[in-house]
Amino acid sequence: MSTVGFKSFGFSLKNSNQIQKHSLVAPGCSLSPERVSATKIEEENENGVVLGRRTAMVSGVSLVSSGLMLGIIPKEGVAVVKQGLLAGRIPGLSEPNEQGWRTYRRPDEKSGGHGVGWSPIIPYAFSVPDGWEETPVSIADLGGTEIDLRFGNPSEGRLFVIVAPVLRFADYLEDDARIERIGAPEKVINAFGPEVIGENVEGKVMNSKVKEYSGRKYYQFELEPPHCLITATAAGNRLYLFNVLANGLQWKRHNQDLKKIAESFRIV
């Protein structure tokens, strides 16, 4: 499978034979063959294509209901099971402040999906106006599993966060990467800007600046319309790209808020 404009952030899908089939059967309980068949989360269709998330969710909800009826799953455990069906979607938004802005902090419990043996993702935070909401991230997205989060408001703009292993770009950074060790601002935007906008950024950077907060440097870039604001930094063994995008009308009406969003990004 190939991707366009995301060579650095490519991914591969597992062969269907590698996908483990799961069962939600309590110890000491037995189920009929028909019920056992219903516990399969992934099955191949006649063309060898693996059935997706909808099959998993329907099977999971059915099993939870059956477990409640049979007394296998206690009511207080339902929330845990439901969370398993929505892995990676854990709320992290605060209540609005007096100015109507909310702060998102990546939950410590949120799954990463960035490979076996990786250290936990160091959390990040940013602020958005009330009305911006998290939107689902799909493995089918360009960028694959390295798109960690998406947010948006249909009338104002959208954003997404890429969290990528620094070892793909430099093998000398170990586990305490800093953006300045990866390279100067010009080198960073030329290398990673195309991963965000899908094309070469030469001649498209309107301005750039370097900010420092709590001893960590952040490179901030503004690219020409359609407007894109990129904040880049590094922490642990990962590179973080915080990207805010808007069309012409959204930028005209909300550019001050969009700039505030971009400048709010922090590693915490």
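Side notes on the structure shown:
- Complete set of residues in the range 220-239 that are surrounded by fewer than 24 Cβ atoms within 10 Å (Cβ to Cβ) and in contact (Cβ under 8 Å) with a residue 40 or more places away in the chain: Gln220, Ala235, Gly236, Asn237
- Output for the range 196-213, where each listed residue is touching a Lys or Arg at 6+ places or on another chain (Cβ under 8 Å) and not in a strand (DSSP E or B): Ile197
- The residues on offer are Val244, Val188, and the sole one that is in the same structural domain as Ser127 (by TED's automatic domain parsing), crowded, with 18+ Cβ neighbours inside 10 Å and modelled with pLDDT under 95 is Val188.
- Scan of the range 166-182 for residues that are at pLDDT below 85 and in contact with a Gly (Cβ under 8 Å, 6 or more places away or on another chain), ordered by number: Asp175, Asp176
The values are calculated or read from the model by the stated rules, or taken from the named source; none is laboratory data. In this text the structure is predicted, and so the values were computed from the model without any measurement. Methodologically, a virtual Cβ is constructed for each residue, glycine included, from the backbone with ideal geometry; neighbour enumeration extends over all protein chains shown.
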